[in-house]
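First the structure, in the form of structure tokens, and then the observations on it.
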Amino acid sequence: MSGQPAYLGADTVDKYLDYQTLIPLLERALINFSSGREGGVVQPIRTIVPVAKYSGFLGVMPAYSTMDDALTTKVVTFYENKTASDVPSHQATVLLFEPSNGSLKAVIDGKVITDKRTAAVSVIATKLLKPSSAEVLCILGSGAQAHSHYQAFTQQFSFKEVRIWSRTRENAEKFANSVEGNVRVCSTPQEAVTNADVIVTATMSTKPVLYGDWVKPGAHINALGACRPDWRELDDILMKNSVLYVDTKEAAQKESGDIVLSGASVYAEIGEILKGTKPALAEKTTIFKSVGMAIEDTVSAKLVHDCWVKSKAGD
Ligand SMILES: NC(=O)C1=CN([C@@H]2O[C@H](COP(=O)(O)OP(=O)(O)OC[C@H]3O[C@@H](n4cnc5c(N)ncnc54)[C@H](O)[C@@H]3O)[C@@H](O)[C@H]2O)C=CC1
Ligand SMILES: O=C(O)C1=NCCCC1
């Protein structure tokens, strides 16, 4: 190893990871990923180790981008039963390596990267798939991803109304009081999604929270949760009556309970729409089912590290 690796904490990551810069980088990464060998992305399906005794999981997510010459692995833990403590349900660290010799260059907080890159990818999908007039945004869940999605979506779109539902009204109200804009707190998920144009499901639920019968035809849904093959966020009716887009077909068909258990077929990867090889059927009811990709962490970590190195050079 040449010298000590740098440690870049959550504040540094947050400072350098702005959506305006991140979104075009992730668009390029999604295209590269969906371009096979030509795209130069090496990303095996992640390894997940269940920690059954504590209802937890450890995931290892390596990737190399030839185009960006960036090599990382994220190590992420996620625990189903969030305890009363302040420990977040998801925690992560990204290791950034020098691709030419394998030296560890930096250890980077992966929590903020995960929260922001997931929201940025949902923004990319929503730009492509939302109905032409989208006035109402609805978020189900009030945790870390609900917050990052709120920030990214209110910055990138101009919705007339934003609604939130969470399992307890107290948590939904806390969310509404913690953000700058107006948010309507809803008592039931059905109330929240009725007539919504864009819906984000950001829960740790293992059973459906969103039902097809409630959803306005033509709406667009970003479904981020249910990343285990026996977990659900969306019901069979919604899965079967919508056009289904994913980040990665290979992983989504293995990891997403909404896909595995409903038997719904994947129409396309978001990278394929961006490349122009598959259409964005925005007039239909569309789902973007994301499971999360290591390459998104790779380009995000490289951006943060490059900005940090530049800032040091200017000191
Ligand atoms: N697709 C992707 O790239 C990524 C997906 N995720 C997934 O997004 C989801 C949200 O993650 P975070 O916001 O970080 O978690 P969090 O723990 O901060 O928030 C989870 C939210 O889900 C709610 N919830 C828990 N159990 C529920 C149930 N049975 N029914 C309804 N709501 C329930 C909680 O009250 C909370 O509002 C998780 O499923 C997570 O695994 C997380 C990171 C990346
Ligand atoms: O992409 C990620 O990072 C994650 N995806 C699903 C849940 C754990 C973290």
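The values are calculated or read from the model by the stated rules, or taken from the named source; none is laboratory data. Because the structure is predicted, anything quoted here is derived from the model rather than measured. Positions of Cβ are backbone-derived with ideal geometry, glycine not excepted, and every protein chain shown enters the neighbour counts.
List the pairs whose first member sits in segment 191-207 and is touching a residue at least 24 places away in the same chain (Cβ under 8 Å) and within 16 Å of ligand 2 (Cβ to nearest atom), whose second member is part of a strand (DSSP E or B) and of a type in the set (Val, Ile, Thr), and whose Cβ atoms are under 8 Å apart, counting only residues at least 6 apart or on separate chains?
Listed pairs, sorted by first residue: Val200/Ile139; Val200/Ile221; Thr201/Ile221; Ala202/Ile139.
Of the residues that make up segment 165-179, is at least one away from ligand 2 (no atom under 16 Å from the Cβ), assigned by TED's automatic domain parsing to the domain that holds Asp258, touching an Asp or Glu at 6+ places or on another chain (Cβ under 9 Å) and β-branched (Val, Ile, Thr)?
No, the conditions are met nowhere in segment 165-179.
Restricting attention to segment 181-214, report how many residues are over 12 Å from Leu140 (Cβ atoms) and either assigned to a loop (DSSP other than H, G, I, E, B) or not β-branched (Val, Ile, Thr) (or both).
12
Among the helices (runs of 4 or more DSSP H) lying completely within segment 244-315, list those that include at least 2 residues that are farther than 29 Å from Asp18 by Cβ and touching a residue at least 60 places away in the same chain (Cβ under 8 Å).
So the answer is 249-255.
Here are the criteria: (1) in a strand (DSSP E or B); (2) surrounded by 14 or more Cβ atoms within 10 Å (Cβ to Cβ). Tell me which single one Tyr7 does not satisfy.
(2)
Which one of these does Lys74 not meet: (1) over 14 Å from Ser300 (Cα atoms); (2) buried (at least 20 other Cβ atoms within 10 Å of the Cβ); (3) among the basic types (Lys, Arg)?
(1)
Can you name the number of the only condition in (1) assigned by TED's automatic domain parsing to the domain that holds Ala125; (2) among the small types (Gly, Ala, Ser); (3) within 16 Å of ligand 2 (Cβ to nearest atom) that Ser242 fails?
Failed condition: (3).
If you check every pair at least six apart or on different chains, which have Cβ atoms under 8 Å apart with a residue in segment 97-114 that is assigned by TED's automatic domain parsing to the domain that holds Ala10 and within 16 Å of ligand 1 (Cβ to nearest atom) first and a residue that is at pLDDT below 95 and assigned to a loop (DSSP other than H, G, I, E, B) second?
Correct list of pairs: empty, since none qualify.
When segment 100-158 is examined, which residues are found to be assigned to a strand (DSSP E or B), under 20 Å from Glu296 (Cβ atoms) and β-branched (Val, Ile, Thr)?
Selection gives Val107, Ile108.
For Val76, which of the numbered conditions (1) under 25 Å from Ala226 (Cβ atoms); (2) more than 10 Å from ligand 2 (Cβ to nearest atom) fails to hold?
For Val76, the failing item is (2).
Looking only at segment 92-117, how many residues end up being of a type in the set (A, V, I, L, M), away from ligand 2 (no atom under 16 Å from the Cβ) and either out of contact with any strand residue (DSSP E or B) (no Cβ under 8 Å at 6 or more places or on another chain) or on the phi > 0 side of the Ramachandran plot (or both)?
Number of matching residues: 0.
Right, Met239: assigned to a loop (DSSP other than H, G, I, E, B) and hydrophobic (A, V, I, L, M, F, W, C) or not?
Criteria not met by Met239.
For segment 281-307, give me each residue that is near ligand 1 (Cβ under 10 Å from one of its atoms) and not charged (D, E, K, R).
Hits for segment 281-307 are Phe288, Ser290, Val291, Gly292, Met293.
Restricting to segment 34-50, name every residue that is among the small types (Gly, Ala, Ser) and either surrounded by 11 or more Cβ atoms within 10 Å (Cβ to Cβ) or in contact with a Gly (Cβ under 9 Å, 6 or more places away or on another chain) (or both). Talk me through it step by step, then tell me what you get.
Filtering segment 34-50 for residues among the small types (Gly, Ala, Ser) gives 34-36, 39-40.
Matches in segment 34-50: Ser34, Ser35, Gly39, Gly40.
When segment 130-144 is examined, which residues are found to be of a type outside the set (Gly, Ala, Ser) and either surrounded by fewer than 24 Cβ atoms within 10 Å (Cβ to Cβ) or more than 16 Å from ligand 1 (Cβ to nearest atom) (or both)? Give the steps one after another, and end with the answer.
Keep residues of segment 130-144 that are of a type outside the set (Gly, Ala, Ser), which gives 130-131, 135-140.
If the condition is that a residue be of a type outside the set (Gly, Ala, Ser) and either surrounded by fewer than 24 Cβ atoms within 10 Å (Cβ to Cβ) or more than 16 Å from ligand 1 (Cβ to nearest atom) (or both), then Lys130, Pro131, Glu135, Val136, Leu137 are the ones that fit.
Filtering segment 59-73 down to residues that are within 16 Å of ligand 2 (Cβ to nearest atom) and either of a type in the set (A, V, I, L, M, F, W, C) or in a loop (DSSP other than H, G, I, E, B) (or both), which residue is farthest from Ser34 (Cα to Cα)?
Taking the candidates together, the pick is Val60.
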